[in-house]
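The values are calculated or read from the model by the stated rules, or taken from the named source; none is laboratory data. Quick caveat, the model's predicted, so the values are computed rather than measured. Positions of Cβ are generated from backbone atoms using ideal geometry, with glycine treated the same way; all protein chains shown enter the neighbour counts.
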Amino acid sequence: MTDKVLEVKNLTVHFYTYAGVVKAIENVSFDVYRGETFALVGETGCGKSVTARALTQLIESPGRIVEGEVYYHKNGESVDLLKLEEEEIRKYRGKEIAYIFQDPQSSLDPLYSVGFQVSEALYAHNKVKSIKEGIRKAVDILRTVLMPDPEKRVSNYPHELSGGMKQRVTIGIGISNDPKILIADEPTTALDVTVQAQILNLIKEMKRKYGATVLLITHDMGVVADMADRVAVMYAGKIVELADVFSIFKEPIHPYTEGLLKAVPNPLIKIERLETIPGTVPSLINPPSGCRFNPRCPLASQICRAKIPELEEVKNGHYVACHNR
Amino acid sequence: MQEIHEGQEGQKTGEEYQRSILDRISDFFIEVLVSLISTVKKGWREKNRSRVAEWKLMFYALNRSPPGVIGLFLVTIFVFLGIFGPFLAPYKYNYFPIFENGDTYLSPPGQFFPLGADHFGRDLVSLLLQGARTSLVISIIVIILGVPLGIVLGLVAGYFGGKIDELIMRITDMFLAFPPLILAIAFAAVLPERISYLINNNPLLQQLLLWLFALDTREAGNLSRLLAVMIAMAIVWWPGYARITRGSTLTERESLYVESARAIGLSSAKIMAKHILPNIIGPILVYVTLDFGSVVLTEAGLSFLGLGATPPIADWGRIVYDGSQFFPKAWWLIIFPGSIVLLDVLGWNLLGDSLRDVLDPKLRRSIEFKVKRKKGEKT
């Protein structure tokens, strides 16, 4: 657990739009250890997906990675992924760091059979000599992701498959090159609940089988409790709290994390209304001064409006960015 | 369960439908084509059964729109004439009966020839048939040169965005700022001299062009003007395609499967060629068909203005131009070539219009519902 595989330091991504500069994420730093499941949690638009995409420079114009370092450790060597040229980073995408995207309906190209698309991922990293050979291998990969009847399914097109099956295919594409890190960007949001459970089990299974590290992005606290070893809570482009999953759920320190947990229904406690966090997510073009959560925070004081809180370790492995801890 | 099964079978064979005569004709041609492919590639028919059924259904849908049938009919005739016209012509385009018999000078229809003669005393039917070849070859080459250029530039501009996009699209705007005909005139007027040098030094190119236009070796000197028109039109034609390709690329680039393709480490060129282009090619192909008519028209317009083909090379626009000096006495020199151009352009436009309906999956479904099933099955 002490073996760092990914080290993110001061990652800052800005989007240069006509309305102004959107500071999507600022000074995001975290480490991911080999073999763990690290979860990034936060509400819509807090910068979880941007963080995940920035790791392999997948940020599209008008977005730009302003500063930061992402060290990828492998066999004792470390590479700064953000310093690599497009040609070089391409070798890491899919092979070392693979993605599973949110919406399986649209993350597969409608014009190609699923076998071709798995094969394409293999072919891109020279795992197979031809697309044809890759399609034969795709059968095995589809079997690994528990696709029923994989021999038949390889020649199916995405529209012929259900949402859950498509997500199995995208997971298959993700694991096809034995990546060291699997980034699952809200893998279950577009699926219904029963399929969600299957897909989460599958990701766990794949993680166990291939010993991959999983970076899980979600807004579902239930998924976090089920899957994650450590959790980083993001708010308005910053990490506000980072700890192992037990500390987050048992003794959250940051008021935002507390609010987030209160907003999750608990079947054991009968209440009339769920508590919500008052106010809305601030505009990231002109974020509030000081702590970005201060307009919505029940504990906000003078210092919260004046000074940006730093992410500091309060307990062993429990980091919080708050003046009132 | 049984019914669903039957429905699927029906889609696979196409036998379940009440077919009209037109459907039977199109089925016959598809069957001939499929047999031809199957003899070359064993087992092709078995593998592509659903694809063949899809083609058949596409034609059923097309057969349900009268303008589409008329368009297809006209286009087929003109393509056929474009290919075989020069061989079907009763006289060669460079046969001047006037040298033997002075009476054929501007002879009216019916006197010596069914559609009359031009001021060189040549048979108008033969000229129109020869002109079909000229028109078809020029149009196809303009499309072949201009469209891929526009598509590549549009893809690059749309995919990379930013400064590259600005650069390519501003150049495109510069071309679009001039009326296409005027720009084509400018190029067609300037180019021939440089091109004649090129043609004279490339006997192979010269032979190819002579063969394409079904011309005599004697006409080698006039080829440069034909080639100049083609190049001038190709230069004018690509910006439209760059625009539509860029527009479609911009929407397609945002789609998640393009991002997934980037995430598995594919190169930009591969993403553009394999994932973006195939997804946007449908509308572009329809646009090509719609556009073919305008290419024919512009070509006729250019030669009407005296650019492009020169006598004795036959060209519809040129015949109208030469005939205009003898109007209204020799009305047949204007009415017949003019109507031919009209029908050709009309054919391409009608076909393109209904192809758009047929190739658009949403619109096509509504057309397919008009195709009735056999055995009183519910539609």
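Of the residues making up the stretch B:249-280, just one is crowded, with 23+ Cβ neighbours inside 10 Å, facing chain A (nearest Cβ under 7 Å) and of a type in the set (S, T, N, Q), namely B:Ser260. Per the conditions (1) in a loop (DSSP other than H, G, I, E, B); (2) surrounded by 21 or more Cβ atoms within 10 Å (Cβ to Cβ), the sole criterion not satisfied by A:Ile308 is (2).
Could you list, in sequence order, the residues of the stretch B:75-97 that are touching an Asp or Glu at 6+ places or on another chain (Cβ under 7 Å) and either outside the structural domain of B:Asp315 (by TED's automatic domain parsing) or assigned to a loop (DSSP other than H, G, I, E, B) (or both)? Outline the logic, then answer.
Let us first name the residues in the stretch B:75-97 that are touching an Asp or Glu at 6+ places or on another chain (Cβ under 7 Å), namely B:78, B:90-91, B:94.
Across the stretch B:75-97, the qualifying residues are B:Pro90, B:Tyr91, B:Asn94.
In this structure, is A:Gly163 more than 21 Å from B:Glu254 (Cα to Cα) and more than 8 Å from chain B (Cβ to nearest Cβ)? It is false that A:Gly163 is more than 21 Å from B:Glu254 (Cα to Cα) and more than 8 Å from chain B (Cβ to nearest Cβ).
Rundown of residues vs (1) over 30 Å from B:Ile151 (Cα atoms); (2) modelled with pLDDT of 85 or more; (3) of a type in the set (D, E, K, R), yes/no style:
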{"residue": "B:Ser303", "(1), (2), (3)": "no, yes, no"}
{"residue": "B:Ala314", "(1), (2), (3)": "yes, yes, no"}
{"residue": "B:Ile319", "(1), (2), (3)": "yes, yes, no"}
{"residue": "B:Trp332", "(1), (2), (3)": "yes, yes, no"}
{"residue": "B:Gly352", "(1), (2), (3)": "no, yes, no"}
{"residue": "B:Ser366", "(1), (2), (3)": "yes, no, no"}
{"residue": "B:Lys374", "(1), (2), (3)": "yes, no, yes"}
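Total residues in the stretch A:8-41 satisfying the condition of being at negative phi, not acidic (Asp, Glu) and not in a strand (DSSP E or B): the figure is 3.
One line per residue, one yes/no per condition, for (1) assigned by TED's automatic domain parsing to the domain that holds B:Thr298; (2) of a type in the set (A, V, I, L, M); (3) more than 21 Å from B:Thr310 (Cβ to Cβ); (4) touching a Phe, Trp or Tyr at 6+ places or on another chain (Cβ under 8 Å):
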position: B:Phe99; (1), (2), (3), (4): yes, no, no, no
position: B:Phe112; (1), (2), (3), (4): yes, no, yes, no
position: B:Phe120; (1), (2), (3), (4): yes, no, no, yes
position: B:Gly131; (1), (2), (3), (4): yes, no, no, yes
position: B:Ser135; (1), (2), (3), (4): yes, no, no, yes
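From the list B:Ile164, B:Ile171, the lone residue that is surrounded by 12 or more Cβ atoms within 10 Å (Cβ to Cβ), within 14 Å of chain A (Cβ to nearest Cβ) and under 30 Å from A:Thr17 (Cβ atoms) is B:Ile164. If you go through the stretch A:233-289 and keep only what is surrounded by fewer than 23 Cβ atoms within 10 Å (Cβ to Cβ) and on the phi > 0 side of the Ramachandran plot, you end up with just A:Gly279.
For the stretch B:281-300, what are the residues that are touching a residue at least 12 places away in the same chain (Cβ under 8 Å) and either within 14 Å of chain A (Cβ to nearest Cβ) or not aliphatic (A, V, I, L, M) (or both)? Spell out the reasoning first.
First, pick out the residues of the stretch B:281-300 that are touching a residue at least 12 places away in the same chain (Cβ under 8 Å): B:282-300.
Within the stretch B:281-300, B:Gly282, B:Pro283, B:Tyr287, B:Thr289, B:Asp291, B:Phe292, B:Gly293, B:Ser294, B:Thr298, B:Glu299 qualify.
The single condition among (1) closer than 25 Å to A:Thr218 by Cβ; (2) in contact (Cβ under 8 Å) with a residue 24 or more places away in the chain; (3) at the interface with chain B (Cβ under 7 Å from one of its Cβ atoms) that A:Lys91 does not satisfy is (1).
Checked against (1) closer than 23 Å to A:His14 by Cα; (2) touching a residue at least 24 places away in the same chain (Cβ under 8 Å); (3) of a type outside the set (A, V, I, L, M); (4) not in a loop (DSSP other than H, G, I, E, B), A:Cys291 passes all but condition (4).
Among what's in the stretch B:350-365 and is within 22 Å of B:Thr76 (Cα to Cα) and among the hydrophobic types (A, V, I, L, M, F, W, C), pick the residue that is nearest to the chain's Cα centre (by Cα). Give the steps one after another, and end with the answer.
Quick first cut of the stretch B:350-365, residues within 22 Å of B:Thr76 (Cα to Cα) only: B:350-359.
In the following step, the residues that additionally are among the hydrophobic types (A, V, I, L, M, F, W, C) were identified as B:350-351, B:355, B:358-359.
Values: B:Leu350: 13, B:Leu351: 11, B:Leu355: 13, B:Val358: 18, B:Leu359: 17 Å.
Going through the qualifying residues, I end up with B:Leu351.
Restricting attention to the stretch A:53-81, the residues that are in contact (Cβ under 8 Å) with a residue 40 or more places away in the chain and more than 9 Å from chain B (Cβ to nearest Cβ) total 16. Within the set A:Ser113, A:Ser119, the sole residue that is more than 23 Å from the chain's Cα centre (by Cα), modelled with pLDDT of 90 or more, of a type outside the set (Lys, Arg) and buried (at least 21 other Cβ atoms within 10 Å of the Cβ) turns out to be A:Ser119. The single residue among A:Ile217, A:Ile175, A:Ile253, A:Ile239 that is touching a helix residue (DSSP H, G or I) at 6+ places or on another chain (Cβ under 6 Å), over 30 Å from A:Ile135 (Cβ atoms) and either modelled with pLDDT of 85 or more or more than 14 Å from every other protein chain (Cβ to nearest Cβ) (or both) turns out to be A:Ile217. Of the residues B:Asp216, B:Asp315, the single one that is away from chain A (no Cβ under 14 Å) and surrounded by fewer than 22 Cβ atoms within 10 Å (Cβ to Cβ) is B:Asp216. Summed over the stretch A:22-77, residues that are surrounded by fewer than 16 Cβ atoms within 10 Å (Cβ to Cβ) and polar (S, T, N, Q) total 3.
Would you call B:Ala309 within 14 Å of another protein chain (Cβ to nearest Cβ) and either surrounded by 21 or more Cβ atoms within 10 Å (Cβ to Cβ) or modelled with pLDDT of 90 or more (or both)? Here the answer is no, as B:Ala309 does not meet what is asked. Only residues that are more than 8 Å from chain B (Cβ to nearest Cβ) and either within 18 Å of A:Leu58 (Cα to Cα) or acidic (Asp, Glu) (or both) were counted in the stretch A:94-117, giving 3.
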